[in-house]
Amino acid sequence: MTTANSHPGPRPAIEITDLSFHWDRAPKPITFPDLRLNQGEHLFLHGPSGSGKSTLLSLLAGMLSPSCGKVRLLGQDMAALGNGARDRFRADHIGVIFQQFNLVPYLSAIANVTLPCRLSTIRRIAASPDPGQEARRLLEALAIPPDHWQRKVTQLSIGQQQRIAAARALIGAPEIILADEPTSALDSDNRDRFLRLLLELARAQNTSVLFVSHDLTLAHHFHYQTGLQETRP
Amino acid sequence: MKLRLALSLASASLWHRRKVLALVCLTLTLSVSLLLGIQYLRTEVKQSFTSTISDTDLIIGARSGQLNLLLYTVFHIGDATNNIRWSSFRKLQEDKRFSWLIPISLGDSYQGYRVVGTNDAYLEHFRYGQGSQLALARGKWFHSLFDVVLGAGVARSLNHSVGDQIILAHGGGSVSFSRHQNTPFTVSGILEPTGTPVDQAVYISLPAMEAIHVGWESGVAIPGRTLTREQAEQKQFTPKAITAVLAGLDRKIMTFRVQREINQYAGEPLSAILPGVALSELWRLMGQFEKALLGITGFVVITSLIGLTAVLLTLQAQRTHEIAVLRATGASPGLIATLYLMECLGLALVACLGAVLLGMIAIPAISPWLTEAYGLNIRLRPLSQEEWTLLGLVPGAALVVGLIPAFGTWRRSRAQGLGGAQEK
């Protein structure tokens with residue numbers, strides 16, 4: 001088998017083969033379908049609760065190690081990296097958006113957005129001309145009013161918090177964004193607006209987005225969609 | 001760079017939680033102040049204590065232990081075992097090796113304060129602290145027979161001023177039934193405060209001491225045999241005995257030789273002691289107590305640190321989301337643990353700073369009161385090496401107890417999935 005790097009044409013941002021994970025006390029392992037997502041493409045992954053969405057995202061982010069199978073990100077076999085290298089890889093190449101509680105409560109909106117640039121030199125350099133300015137550009141594009149930028153994030157609405165989280169995932173143009181139901185706490189207007197903005201900005205910097213949700217009505221925003229089968233009761 | 005990130009996160013986090021942490025920090029500040037304060041006072045009290053008397057080479061009294069002699073001559077505690085004959089004192093006066101001698105005659109009291117019978121040499125030669133001389137705040141040293149000079153503490157607490165008439169009591173104790181009624185004394189002067197037992201005594205001349213005891217040979221006043229002031233002033237008195245002698249030598253090198261000679265004096269059994277040696281022996285006895293006190297305070301600090309850890313561990317439960325965000329953004333478990341350690345260290349440093357500031361405010365504020373009430377001279381001075389070490393131990397100990405939450409977080413965040421996902 002050849003590595004994705006040696007292929008001409010689009011490099012797969014995410015490649016999963018024969019992946020399964022066994023939680024210590026679970027009766028049987030969770031298995032995942034094979035996936036291949038090219039650079040710049042957006043995938044909607046439909047999964048009801050209990051289908052192992054969070055486990056899959058943890059495996060992709062390198063925070064869990066698979067029981068068997070392979071995760072390749074940008075051609076890099078994640079199993080080949082040590083703990084520290086996986087943390088660095090995540091800082092350099094992956095943006096993450098959670099369902100809620102996305103922000104560090106004691107930092108301002110701007111400081112939350114620039115956080116990845118302080119953990120990764122690659123993303124600091126990519127956030128041209130400087131992280132602060134890039135953060136302001138993203139916050140503006142995501143329609144966060146400037147007087148909220150220096151505010152404590154706990155004072156902002158959920159919708160605003162999620163958009164700030166999107167700005168943090170986007171800053172420094174990481175190759176991959178992993179989103180775990182980021183819209184489930186939003187109302188339908190906010191939901192579509194959030195998705196439109198996120199995907200538009202991602203497209204502008206050629207970032208692949210893997211979006212996990214149980215809400216099939218969102219699927220039309222994406223290039224592809226696929227599903228996880230329910231493996232746990 | 002990561003360290004700088006951890007530092008800025010730690011300070012922002014501490015500031016964010018300042019309301020909860022302020023109380024813990026206050027507890028720690030107070031316990032560190034206590035620890036530092038006790039160490040500080042220990043040194044200062046020792047300093048103050050050992051400078052109760054200075055420049056006196058020998059204290060001479062009737063044969064007894066050195067502590068007893070020191071206690072009754074310098075600290076006015078306890079009683080003399082016996083007296084020195086006046087003839088012995090005359091012999092000492094003839095000895096050319098002494099540059100000065102202060103005779104002291106004890107036994108009476110005034111409202112619980114010792115009456116010290118002495119002469120002009122006391123004012124001239126007695127030294128305390130770093131060689132400070134006694135001085136009169138008001139009035140003058142005694143000149144006529146029934147003049148009395150008051151120590152600063154006596155004058156202040158009994159509210160006496162120059163010209164007041166006072167009646168001395170026979171024997172010690174604050175309540176005395178036999179008083180020298182016929183021979184009232186007039187306050188001629190009041191000494192400057194010294195912060196030593198000198199403040200807690202009244203001073204009369206040796207002839208006056210003799211005069212008020214005429215007719216008291218049996219221990220109580222025999223009516224008709226005591227003298228009135230007028231009768232006494234007509235007479236000349238020579239003391240028959242004194243209690244002790246403070247002596248200064250011309251050449252310090254002779255001290256041990258003179259001491260040995262006095263101890264072997266054939267005329268009567270005498271003891272000569274070196275006040276410095278006796279003072280340090282006395283301090284060693286009392287030192288056990290202050291060491292125990294310091295030990296207890298150490299435990300108070302440890303208790304506060306454990307309290308701090310408990311609070312940090314409680315806060316940790318509220319921080320899972322924050323930690324998940326940091327981890328997802330690429331922070332390593334090590335960085336998270338460092339963040340926790342820095343917060344713990346930061347609190348300890350704030351507490352230490354608070355304790356030092358508290359000391360710098362408190363010591364000048366209470367030192368006049370300490371001097372007045374307890375005769376302790378506590379001054380503000382830079383911290384000694386020992387105190388810096390003690391202070392440095394606090395952040396060190398905080399780091400050690402901070403390891404508990406830090407290690408817990410480190411271990412947990414290694415095993416946790418994205419967003420804190422873990423086995424339910």
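The values are calculated or read from the model by the stated rules, or taken from the named source; none is laboratory data. Just so it is clear, the structure is predicted and the values come from calculations on it, not from any experiment. Please note: Cβ atoms are built from the backbone with ideal geometry, for glycine as well, and neighbour counts cover all protein chains shown.
Does B:Leu326 satisfy the criteria of being within 14 Å of chain A (Cβ to nearest Cβ) and modelled with pLDDT under 90? Steps first, answer last, please.
Details: within 14 Å of chain A (Cβ to nearest Cβ): yes; modelled with pLDDT under 90: yes.
It is true that B:Leu326 is within 14 Å of chain A (Cβ to nearest Cβ) and modelled with pLDDT under 90.
Exactly one residue among B:Ala331, B:Ala397 is in a helix (DSSP H, G or I) and at pLDDT 85 or above, and that residue is B:Ala397. From B:Thr303, B:Thr309, grab the single residue that is assigned to a helix (DSSP H, G or I), surrounded by 14 or more Cβ atoms within 10 Å (Cβ to Cβ) and not acidic (Asp, Glu). On inspection, the qualifying residue turns out to be B:Thr309. Cβ-Cβ distances below 6 Å connect the following pairs, each with a first residue in segment A:84-113 that is more than 7 Å from chain B (Cβ to nearest Cβ), a second residue that is among the charged types (D, E, K, R), and a separation of six or more residues or different chains: A:His93/A:Glu175; A:Gln99/A:Asp180; A:Gln99/A:Glu181; A:Asn112/A:Arg168; A:Val113/A:Arg168. The condition of being touching a Cys at 6+ places or on another chain (Cβ under 8 Å) and of a type in the set (Val, Ile, Thr) holds for only one of B:Val20, B:Val32, B:Val74, that being B:Val32.
For segment B:90-121, the set of residues classified as free of Cβ contacts under 8 Å to residues at least 24 places away in the same chain and either outside the structural domain of B:Leu71 (by TED's automatic domain parsing) or under 14 Å from B:Pro207 (Cα atoms) (or both) consists of B:Asp120 only.
Among all residues of segment B:336-355, there is at least one that is without any contact (Cβ under 8 Å) to a residue 12 or more places away in the chain and more than 14 Å from chain A (Cβ to nearest Cβ). Among the residues of this structure, A:Arg11 does not count as one that is modelled with pLDDT of 85 or more and of a type in the set (D, E, K, R). Taken as a whole, segment B:356-363 holds no residue that is over 45 Å from the mean Cα position of the chain (by Cα), β-branched (Val, Ile, Thr) and in a helix (DSSP H, G or I).
Are any residues in segment B:153-168 outside any helix (DSSP H, G or I) and buried (at least 21 other Cβ atoms within 10 Å of the Cβ), and if so, which ones?
B:Leu168
Among the residues of segment B:218-227, those identified as surrounded by 10 or more Cβ atoms within 10 Å (Cβ to Cβ) and not hydrophobic (A, V, I, L, M, F, W, C) are B:Arg225, B:Thr226. Among the conditions (1) touching a helix residue (DSSP H, G or I) at 6+ places or on another chain (Cβ under 9 Å); (2) aliphatic (A, V, I, L, M); (3) modelled with pLDDT of 90 or more, the only one that B:Leu227 does not satisfy is (3). Of the residues making up segment A:125-141, those that are within 18 Å of the chain's Cα centre (by Cα) and part of a helix (DSSP H, G or I) are A:Ala126, A:Ala135, A:Leu138, A:Leu139.
Does A:Ser208 satisfy being hydroxyl-bearing (Ser, Thr, Tyr) and at pLDDT 85 or above? So A:Ser208 fits the description; yes.
When segment B:228-260 is filtered for residues that are touching a residue at least 24 places away in the same chain (Cβ under 8 Å) and more than 26 Å from B:Ala80 (Cα to Cα), the ones remaining, listed by number, are B:Thr228, B:Arg229, B:Ala232, B:Glu233, B:Lys235, B:Gln236, B:Asp250, B:Arg251, B:Lys252, B:Met254. Here segment A:151-175 is the region considered, the condition is being within 14 Å of chain B (Cβ to nearest Cβ) and surrounded by fewer than 24 Cβ atoms within 10 Å (Cβ to Cβ), and the residue that is nearest to A:Phe44 (Cα to Cα) is A:Glu175. Comparison of B:Leu70, B:Leu123, B:Leu36, B:Leu28 shows that the only residue that is more than 14 Å from every other protein chain (Cβ to nearest Cβ), assigned to a helix (DSSP H, G or I), crowded, with 19+ Cβ neighbours inside 10 Å and in contact with a strand residue (DSSP E or B) (Cβ under 7 Å, 6 or more places away or on another chain) is B:Leu70. Of all the listed residues (B:Val45, B:Val24), the sole one being under 18 Å from B:Pro275 (Cβ atoms), assigned by TED's automatic domain parsing to the domain that holds B:Gln318 and of a type in the set (A, V, I, L, M, F, W, C) is B:Val45. The numbered conditions (1) among the hydroxyl-bearing types (Ser, Thr, Tyr); (2) over 18 Å from B:Leu7 (Cβ atoms); (3) within 14 Å of another protein chain (Cβ to nearest Cβ) are all true for B:Ser332 except (2).
Going through (1) assigned to a loop (DSSP other than H, G, I, E, B); (2) within 13 Å of chain B (Cβ to nearest Cβ) one by one, A:Ile144 falls short only on (2).
How many residues does segment A:52-83 contain that are touching a residue at least 12 places away in the same chain (Cβ under 8 Å) and at the interface with chain B (Cβ under 7 Å from one of its Cβ atoms)?
Residues flagged as touching a residue at least 12 places away in the same chain (Cβ under 8 Å) and at the interface with chain B (Cβ under 7 Å from one of its Cβ atoms) within segment A:52-83 amount to 6.
Entry remark, segment B:177-196: residues being in contact (Cβ under 8 Å) with a residue 12 or more places away in the chain and either within 29 Å of B:Val220 (Cβ to Cβ) or not assigned by TED's automatic domain parsing to the domain that holds B:Glu210 (or both) number 11 in total. The set of residues in segment A:66-100 being among the acidic types (Asp, Glu) and under 18 Å from A:Ser208 (Cβ atoms) consists of A:Asp77, A:Asp92.
Just to be sure, is B:Asp57 within 30 Å of B:Ser384 (Cα to Cα), away from every other protein chain (no Cβ under 14 Å) and acidic (Asp, Glu)?
Yes.
Using the structure shown, decide if B:Val20 is at pLDDT below 90, closer than 26 Å to B:Asn377 by Cβ and more than 10 Å from every other protein chain (Cβ to nearest Cβ). Spelling it out, it is not the case that B:Val20 is at pLDDT below 90, closer than 26 Å to B:Asn377 by Cβ and more than 10 Å from every other protein chain (Cβ to nearest Cβ). Just to be sure, is A:Val96 under 21 Å from A:Ser184 (Cβ atoms), in contact with a helix residue (DSSP H, G or I) (Cβ under 7 Å, 6 or more places away or on another chain) and not in a helix (DSSP H, G or I)? Criteria met by A:Val96. The residues on offer are A:Leu119, A:Leu139, and the sole one that is under 22 Å from A:Leu201 (Cα atoms) and either facing chain B (nearest Cβ under 10 Å) or among the β-branched types (Val, Ile, Thr) (or both) is A:Leu119.
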